[in-house]
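The values are calculated or read from the model by the stated rules, or taken from the named source; none is laboratory data. Because the structure is predicted, anything quoted here is derived from the model rather than measured. Here the Cβ is made from the backbone with ideal geometry for all residues, glycine too, and neighbour counts use every protein chain on show. Surface accessibility is based on the protein's heavy atoms, side chains included, excluding ligands, DNA and RNA. Shrake-Rupley method; radii C 1.70, N 1.55, O 1.52, S 1.80 Å.
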Amino acid sequence: SIFNIVGDYILMFPLDMGMTGAALASGFAPIVSIGICSIHIRSKKSNIHLMAKVPNFRLLPQIIGVGAAAFATKISTAIVILVYNFLIIELTGNTGLAAYGVVSTIAIFVKLIFEGIADGSQPLLSEYYGKEKKAELSYLFGLGIKSALISAVIVYVLLVVTAGPIATAFNSENSAVLQTLTIIGIRLYFLAYVFGSFNTVCVGYFSATAKSMWAGVISVIRSSVALVIFAVVLAKMFGMNGVWLSYAATEVFTIFIVLVGLKKNRV
């Protein structure tokens, strides 16, 4: 990330490469990551080593199943952004789109908190599941849920309190409409994370405990199907406020599906 930021500046401005420079910086950043990871993998401390091996294609369906949830979430993001853009332009024009840009930018960082909790717990969940340590599995899963919910409430309160200053920081032209839309957007949109934090950890749990079907289905529903439906319906009913609330409505709806999955797959 640091390389990407520094590279963006150097290639775009001192070297005067413009957007081509930005693309090159982003393209080379993963190579830097590979180099950093290689330091550990090639060291004597590492218990993982690269070796020549014939691929076992029988394992491919299992690998795809485990990764299906993450894939569905990432690929559907583009679809959702497209739908949101069309709805917002129709309702509030470019000013509303600018407000959505502010909110979605903040959302990237907020979302990482809960993905971090889910991703961080997955290796241990998988280990306890594989060793059939049900007590440890249940404790860790509960700890992840509590951590996510507490973090979500704290983040939401902070964003509600600082909504005004945040909107002002992105509002260089002092547009009253943009200021109002952004403040309302922050207060309504991020309500979703109070519910979504629970869903994110549960999807991580399903993926880590060989319940890839549940993880995939829930991810597709909450990240695209239900979200698009709620966005369109609520936009027709409540205008821009409906667009903001569609994410929260989706997460609440998803909770019921998650609870069914947890009941069928008791921790």
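Rounded to the nearest whole angstrom, the semi-axes of the ellipsoid equivalent to the stretch 90-236, taken from the Cα gyration tensor as √(5λ), stand at 35, 17, 10, largest first.
Overall, the stretch 1-116 carries a charge dipole of about 800 debye about its Cα centre when +1 sits on the Cβ of Lys and Arg and -1 on the Cβ of Asp and Glu, all other atoms neutral. Surface composition of the chain: carbon and sulfur atoms hold 71% of the protein heavy-atom accessible area at a 1.4 Å probe. Computed about its Cα centre, the charge dipole of the stretch 136-255 is approximately 160 debye, with only Lys, Arg, Asp and Glu carrying charge at their Cβ. With a Förster radius of 30 Å applied to the C-beta separation of Asn85 and Lys146, the computed FRET efficiency comes to 0.25. Mean residue ellipticity, 222 nm, helices only, the chain: the sum of -39500 (n - 2.57) across DSSP H runs of n ≥ 4, divided by residue count and rounded to 500, is -28500 deg cm²/dmol. Principal axis analysis of the Cα atoms in the chain yields extents of 59, 55, 33 Å, listed in decreasing size. A simple charge model with +1 on the Cβ of Lys and Arg, -1 on the Cβ of Asp and Glu and nothing else charged puts the dipole of the chain at about 1180 debye relative to its Cα centre.
Placing unit charges on each Cβ (+1 for Lys and Arg, -1 for Asp and Glu) gives the chain a dipole about its Cα centre, and among Val161, Phe238, Ala68 the Cα reaching farthest toward its positive end belongs to Ala68. For the stretch 237-253, backbone phi angles converted through the Karplus equation (6.51, -1.76, 1.60; θ = phi - 60°) give residue-by-residue couplings of 7, 10, x, 5, 4, x, 5, 4, 7, 4, 5, 5, 4, 5, 5, 5, 4 Hz, Gly and Pro being listed as x. Calculated FRET efficiency, Val233 to Ala23, Cβ-Cβ distance, R0 = 45 Å: about 0.75 to the nearest 0.05. Evaluating kT/(6 pi eta Rh) at 20 °C and 1.002 mPa s, with the Kirkwood radius of the stretch 11-58 over Cα pairs in the Stokes-Einstein relation, gives 156 µm² s⁻¹. Could you work out how far the C-alpha centroid of the stretch 103-127 sits from that of the stretch 16-65, in angstrom? Each part's Cα centre sits 21 Å from the other's.
Average accessible surface for the chain: 59 Å² per residue, computed with a 1.4 Å probe over protein heavy atoms with every protein chain in place. Placing dummy labels 7 Å off each Cα toward the beta-carbon, the span from Ile10 to Tyr139 is 4.8 nm.
Over 32 Å apart at the Cα level, from the set Lys44/Lys134; Lys53/Lys131; Lys53/Lys211, are Lys44/Lys134. Name the residue farthest towards the positive end of the dipole of the stretch 1-108 from the options Thr105, Val6, Ile41, assuming +1 on Cβ of Lys and Arg, -1 on Cβ of Asp and Glu, about the Cα centre. In the stretch 1-108, that residue is Ile41.
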